[in-house]
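Structure record follows, encoded as structure tokens.
Bear in mind that the values in this text are calculations on the coordinates, not laboratory data. In this text, all values refer to a predicted model and were calculated from it rather than measured experimentally. Note that we place each Cβ from the backbone using ideal geometry, even for glycine, and neighbour counts take in every protein chain shown.
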Amino acid sequence: MLRIADLRAGYGAAEVLHGVSLTVASGEILCLMGRNGAGKTTLLRAAMGLLAPMGGEVWLGETRLDALPSYRVPGAGLGYVPQGRRLFAGLSVAENLEIGLMAGGGGGVLRDEVLDLFPRLRDRLRQRAETLSGGEQQMLALARALCLAPRALLLDEPTEGLQPSMIAAIREVVAQKRAEGVAVLLVEQRLDAVLSVADRVAFLENGRLAEEMTAETLRADRARADRYLGV
């Protein structure tokens, strides 16, 4: 289980998150939604240790992640696919995957398991990441995170700007990881995308957790999202 308790974070003296608490159970997808600037990416970066929290705690199982140096967080079992992918553009597909394996202590068997999920990447192992299509780059970013054998995944708008076939392929992998017991915290902007994959939905508003509900509840009453997503 991923547990975020009373998390406060921001940039310089500006506090963006004001005591956010949420949990994601093993084998669950929690979608985090909100307007631009609500604090969604800040929450993911703080949970990952890329942004030092101003207060609060982040736990993965019995491990307190915010007490670790940031370079040790991936090895503790938390995978992260940031918005914009952040691949090593000049390195090959194989080299990007190797970086994930080194961070998590995995080996060739794990790499083969990950490539089985993304056959397209297996055909492009020697190709530089910067030469891949946008969808293939997103697959590589997710594959690199899965090379950690993570217990929890943070995904920041993983389907943004992708064609429908790529979106379907990525969602299928995420759903498979959920079935294997991985906890998934997914940031998305589009309600239709969320309702097709989420178990629960949480809304951030001005750096605070405004409301949580099951995806089933939101499917029955989509208007409940308008308060947090409308212009």
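Worth a mention:
- Selection within the stretch 62-94 - of a type in the set (Asp, Glu) and surrounded by fewer than 15 Cβ atoms within 10 Å (Cβ to Cβ): 62
- Of all residues making up the stretch 181-231, the number that are aliphatic (A, V, I, L, M), touching a Cys at 6+ places or on another chain (Cβ under 6 Å) and closer than 17 Å to residue 42 by Cα: 1
- Any chance residue 113 is more than 17 Å from the chain's Cα centre (by Cα), part of a strand (DSSP E or B), acidic (Asp, Glu) and surrounded by fewer than 16 Cβ atoms within 10 Å (Cβ to Cβ): no
- Taking residues in the stretch 7-33 that are without any contact (Cβ under 8 Å) to a residue 24 or more places away in the chain, and partners anywhere that are outside any loop (DSSP other than H, G, I, E, B) and surrounded by fewer than 20 Cβ atoms within 10 Å (Cβ to Cβ), the pairs with Cβ atoms closer than 8 Å and at least 6 places apart or on different chains are 23/3.
- The stretch 152-173, residues that are in contact with a strand residue (DSSP E or B) (Cβ under 6 Å, 6 or more places away or on another chain) and not acidic (Asp, Glu): 152, 153, 154, 155, 158
- Residue 44, sole failed condition from (1) surrounded by fewer than 20 Cβ atoms within 10 Å (Cβ to Cβ); (2) outside any loop (DSSP other than H, G, I, E, B): (1)
- Of all residues making up the stretch 129-165, the number that are of a type outside the set (S, T, N, Q), more than 19 Å from residue 29 (Cα to Cα) and without any contact (Cβ under 8 Å) to a residue 40 or more places away in the chain: 7
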